[in-house]
Amino acid sequence: MAAAVSIGIRSAGPDWALRRDFARLLVVAVVLPAVLLCALLAWSEAASQRANAAAQLHAMADIAANQGTRDADAFAARHAAWLSSHGYDAALVDRRGVVRYATDGLALAPDSQLDATPVGQALAGIAPGDASRLQRIDGVLRDGGDAFAATASLDAGGRLIVLLPKSTLDRRLWRTIGVMAGLLVAVAAGVLGIAWWQMRRLTSSVEKLLVQMQRFALERASSPIAPESMPQELAPLADAMNQLTDRLAEAWGTASRSLEDQRRLRASLEQVVDAREREIAQRTQELRNAVAELDRLSRTDALTGCLNYRGFREVAASLWRDARGNGTMLSALALDIDHFKAYNDRYGHPRGDNALKRFAGAVRSALYHREDVIVRPGGEEFIVFLPDTTLEQALRVGERICASVLHADIAHAGSPMGVVTVSIGVATNLAEDGDDPEVMLARADAALYRAKNAGRNRVSL
């Protein structure tokens, strides 16, 4: 029997889509409601704790005041230890506003005026009020902490101020919230555990079905699935899977034999096609090489080997885009052979063509960079592009070209120098030139005419 191949059925695993979807459902249905409920209960408990603390604080103040306190010593002996044991601090103020006694935890000095400090002024402003509200005093404790305060009037005049540190109230609140959160987490964990157990039972049954399909896909013999081992909802699916397996097994065998015959025929055809493809690829590459050579020749001046007018247009646009895009300099030299018409008239065009070749060679010998480009748009006019070259550098290149052409010693009886010379105009790209290299080339042409008018055989800006 033919070797089996995988058809892409994935194995069931912890990352199976059904489990992921069920986990998302549990998060939405159980975890998020539990978190929201915990937050609401925490907010409610915080409000309740504050209300209870306010009532307790006012009750403490009233109890201590009603038990009688006529002087600081008596207050310290009777009430200080009792208030401290319940987590409270206290201060005794007489009718003149003088602090007669203050527990160690308060930032108040005995026998000092209560309103002499900002903290004391805040305490002095507390009046007996609603027992359901807390009045917070910032920085009243000796360690810089905050506290909630209540006051009660004394029969002998003056008043008693009782304070509950904010840290004490916060500890009570967080302890209660922690217990409530723990209970909610325990309940949520129980629900999630039960739901996950049910999910494992369901995925285990589905995995049995998937394994049966995989074994069939891999052409392996497998025993039928026992419907009684599946959940009641999946038992009809297991029975249908067993029947499908029996029917498809026979069809699979027939199809496998037919596919094997087709594979042999396909292998034979592929050998023929491969041979033809190699031949086509070889011919295609030869054609591409020929087209590339033709393209190069169509852009090259056959006489001098420089770029012709078509190549000039392409390279000018390309170098201009690169210079504008990279923010680099681009210089151009406009060259014109001096008295070349007279040369052709005196020596004839064949000698003139030979002079153009020698002239192009002299120009090349003066260029030191591979990126420099020589173009012959037509006749005795040449253009040299100098990428990444400043105006001063371009001037020096132009002077080298003048010297190189002069030293080439191309005889020209019609020239004042007795040899062929060249006039050169130099220009460099400017920010205001825009996207058209013709602006720079026009400046180079203008500079060339200035060189001609100044006597030829020179470089001009």
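Data for the structure
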{"quantity": "Some residue of region 361-370 being at pLDDT below 95 and over 24 Å from Asn457 (Cβ atoms)", "calculated": "yes"}
{"quantity": "Subset of region 348-404 (residues that are within 16 Å of Leu448 (Cβ to Cβ) and without any contact (Cβ under 8 Å) to a residue 60 or more places away in the chain)", "calculated": "Val363, Gly379, Glu380, Glu381, Val384, Leu386, Cys402"}
{"quantity": "Residue satisfying condition, being farther than 25 Å from Tyr309 by Cβ and out of contact with any helix residue (DSSP H, G or I) (no Cβ under 6 Å at 6 or more places or on another chain), within set Ala431, Ala394, Ala442, Ala446", "calculated": "Ala431"}
{"quantity": "Qualifying residue in region 329-344 (condition: loosely packed, with under 11 Cβ neighbours inside 10 Å, aliphatic (A, V, I, L, M) and out of contact with any helix residue (DSSP H, G or I) (no Cβ under 9 Å at 6 or more places or on another chain))", "calculated": "no"}
{"quantity": "Filter pass, Val439 being surrounded by 14 or more Cβ atoms within 10 Å (Cβ to Cβ), in the same structural domain as Gly348 (by TED's automatic domain parsing) and either of a type in the set (Ser, Thr, Tyr) or more than 21 Å from Arg313 (Cα to Cα) (or both)", "calculated": "no"}
{"quantity": "Residues of region 90-119 that turn out to be in a strand (DSSP E or B) and either aliphatic (A, V, I, L, M) or modelled with pLDDT of 80 or more (or both), as a count", "calculated": "9"}
{"quantity": "Among the residues listed as Val179, Val191, Val185, the single one being of a type in the set (Val, Ile, Thr) and modelled with pLDDT under 75", "calculated": "Val191"}
{"quantity": "Residue identified as under 17 Å from Thr421 (Cβ atoms), assigned to a helix (DSSP H, G or I), basic (Lys, Arg) and in the same structural domain as Pro437 (by TED's automatic domain parsing) among Arg324, Arg346", "calculated": "Arg346"}
{"quantity": "Selection status of Arg215, at pLDDT below 85, surrounded by 11 or more Cβ atoms within 10 Å (Cβ to Cβ), of a type in the set (D, E, K, R) and not assigned by TED's automatic domain parsing to the domain that holds Ser365", "calculated": "yes"}
{"quantity": "Which listed residue is at pLDDT below 85 and either in the same structural domain as Thr203 (by TED's automatic domain parsing) or assigned to a helix (DSSP H, G or I) (or both), from Gln262, Gln243, Gln282, Gln271", "calculated": "Gln243"}
{"quantity": "Subset of region 363-395 [surrounded by 15 or more Cβ atoms within 10 Å (Cβ to Cβ) and basic (Lys, Arg)]", "calculated": "Arg364, Arg376"}
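The values are calculated or read from the model by the stated rules, or taken from the named source; none is laboratory data. Fair warning: this is a prediction, and the values are worked out from it, not measured in the lab. Positions of Cβ are backbone-derived with ideal geometry, glycine not excepted, and every protein chain shown enters the neighbour counts.
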